[in-house]
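One structure is given below, encoded as structure tokens.
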Amino acid sequence: MDLSTRYLGLALRNPIIVSASPLSADVGMIRQLEDVGAGAVVLPSLFEEQIREEERLVDLLTSVGADSSPEAGSYFPAAVEYNAGPVGYLELVAKARAAVDLPIIASLNGTTEAGWVDTARLIEQAGATALELNIYRIASDPSVTGGQAEADAVALFQAVRAKVKLPVAVKLHPYFSAFGAVARRLDDVGADGLVLFNRLYQPDIDLVRLSWCNDISLSSATEIRLGLLWLSLLSGQLLHASLAAGTGVETADEVVKYLLAGADAVMTASALLRHGPGHLRTLLGGLETWLDARNFSALADIKGLMRHSHPNAEAQERDDYIRGLLGYRGPYVEV
Ligand SMILES: Cc1cc2nc3c(=O)[nH]c(=O)nc-3n(C[C@H](O)[C@H](O)[C@H](O)COP(=O)(O)O)c2cc1C
């Protein structure tokens, strides 16, 4: 069975990519992920805030002398534990590249176009195969318009793109008023891939402590539908950028659905954090079994098979939506 695919212009042995998470912060684990069949690995993100903090400390040290050196790690102890800090991150990139044959995709995570993006070049020099730029921004200032938020995202991508020659993907949340236009614009200005979608971490309120809870829950398979919709709408519509699906893979069924909708690659984090790296074998085995049972001999045969080809997709989506509402049946609704 030929499971090979292309993502960001890279040839992958199969479409399953390990998404950014603490799992890929460890070189031993990355080796294990290669052994169980990963197509590529995304490293955990290095955050704009960490890079800025390190720059601030360097400025401080050079202006007041080394005697009063505060410990860089003390500002972001949790973050440093997560990704080893900016210097450690470059080491992680280099070590991961040396340890495995898999593509190693580094991840930068930020929102503003400023000096921190220079780190992209250092990441390239450290040997990353590609870079994923995670633009995780909640435009909470009501004076920021949708158009401005889109323009900012594109400008940030362009700033990073200008620093490096390696392939660059953009990981985005879906909450733009016209996501298709954002995708097309990023494609136009040279994005090599789009990751659909970033999962928006929505806080909850603890009613006993009267405090906000920002803990991260792992995803479930019910979360794939928005990604399926946009992959199916964008597949075949972009000139250059490849598409990766990003949320809710629990079993091989979600992998197959994403590929049918038009994904070139499928990322997973929660399922591997929940079941361990060996779960990747289960996903791959399930994908092969599904293809085999339907006499497909290559992954390429199903990529985008179910993408929307309706000439007026907007009207079609409205039609499907109305049919969905009218078709609801339940214990309190008379047929
Ligand atoms: C514990 C944890 C840490 C994560 N860290 C990062 C990160 O550093 N950078 C990033 O872009 N995404 C990060 N993510 C998001 C995942 O890469 C992924 O986009 C998200 O979890 C949705 O995929 P899933 O449904 O397979 O979990 C993290 C997710 C989890 C659960």
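The values are calculated or read from the model by the stated rules, or taken from the named source; none is laboratory data. Predicted, not measured: the structure shown is a model, and the values here were computed from it. Note that we place each Cβ from the backbone using ideal geometry, even for glycine, and neighbour counts take in every protein chain shown.
List of remarks:
- Under the condition of being assigned to a helix (DSSP H, G or I) and more than 14 Å from the ligand (Cβ to nearest atom), the residues counted in region 1-31 number 4.
- Any hit, region 162-173, residues being buried (at least 21 other Cβ atoms within 10 Å of the Cβ), modelled with pLDDT under 95 and within 12 Å of the ligand (Cβ to nearest atom): no
- Residues satisfying the stated conditions in region 196-216, i.e. out of contact with any Pro (no Cβ under 9 Å at 6 or more places or on another chain) and within 30 Å of G304 (Cα to Cα): R199, Y201
- Scanning region 79-92 for residues that are more than 15 Å from L133 (Cβ to Cβ) and either away from the ligand (no atom under 16 Å from the Cβ) or assigned to a helix (DSSP H, G or I) (or both) returns A79, V80, E81, Y82, N83, G85, P86, V87, G88, L90, E91, L92.
- Count of region 262-291 residues which are more than 15 Å from the ligand (Cβ to nearest atom) and not acidic (D, E): 10
- Taking each residue of region 201-216 that is more than 22 Å from I135 (Cα to Cα) and in contact (Cβ under 8 Å) with a residue 24 or more places away in the chain and looking for partners that are acidic (D, E) and within 16 Å of the ligand (Cβ to nearest atom) with beta-carbon atoms closer than 8 Å, six or more apart or interchain, yields nothing.
- Test: residue in region 74-95 that is surrounded by 17 or more Cβ atoms within 10 Å (Cβ to Cβ), at pLDDT 95 or above, within 30 Å of L287 (Cα to Cα) and not basic (K, R): yes
- Members of region 221-238 found to be in contact with a strand residue (DSSP E or B) (Cβ under 9 Å, 6 or more places away or on another chain) and either within 16 Å of the ligand (Cβ to nearest atom) or not hydrophobic (A, V, I, L, M, F, W, C) (or both), listed by number: I224, L226, G227, L228, W230, L231, S235
- Residue check: G248 meets all listed conditions (1) within 15 Å of the ligand (Cβ to nearest atom); (2) at negative phi; (3) in contact (Cβ under 8 Å) with a residue 12 or more places away in the chain but one, namely (2).
- Selection of region 98-125 for residues being farther than 16 Å from V154 by Cα and in a strand (DSSP E or B) yields I104, I105, A106, S107.
- In this structure, A99 does not satisfy being within 20 Å of G28 (Cβ to Cβ) and buried (at least 23 other Cβ atoms within 10 Å of the Cβ).
- Filtered residues of region 251-261 (kept if β-branched (V, I, T) and either away from the ligand (no atom under 14 Å from the Cβ) or at pLDDT below 95 (or both)): V256
- Taking region 111-127 as the range and being at pLDDT 95 or above and within 16 Å of the chain's Cα centre (by Cα) as the test, no residue passes.
- Qualifying residue in region 140-150 (condition: within 16 Å of the ligand (Cβ to nearest atom) and surrounded by 17 or more Cβ atoms within 10 Å (Cβ to Cβ)): no
- Verdict on A99 being within 16 Å of the ligand (Cβ to nearest atom) and touching a Lys or Arg at 6+ places or on another chain (Cβ under 9 Å): no
- Which numbered condition L156 fails, given (1) hydrophobic (A, V, I, L, M, F, W, C); (2) more than 18 Å from the chain's Cα centre (by Cα); (3) not in a loop (DSSP other than H, G, I, E, B): (2)
- Selection count, region 289-319, where residues are acidic (D, E) and either in contact with a Phe, Trp or Tyr (Cβ under 8 Å, 6 or more places away or on another chain) or surrounded by 12 or more Cβ atoms within 10 Å (Cβ to Cβ) (or both): 3
- Within region 192-220, if we keep just the residues that are near the ligand (Cβ under 9 Å from one of its atoms) and aliphatic (A, V, I, L, M), the residue that is surrounded by the most Cβ atoms within 10 Å (Cβ to Cβ) turns out to be V195.
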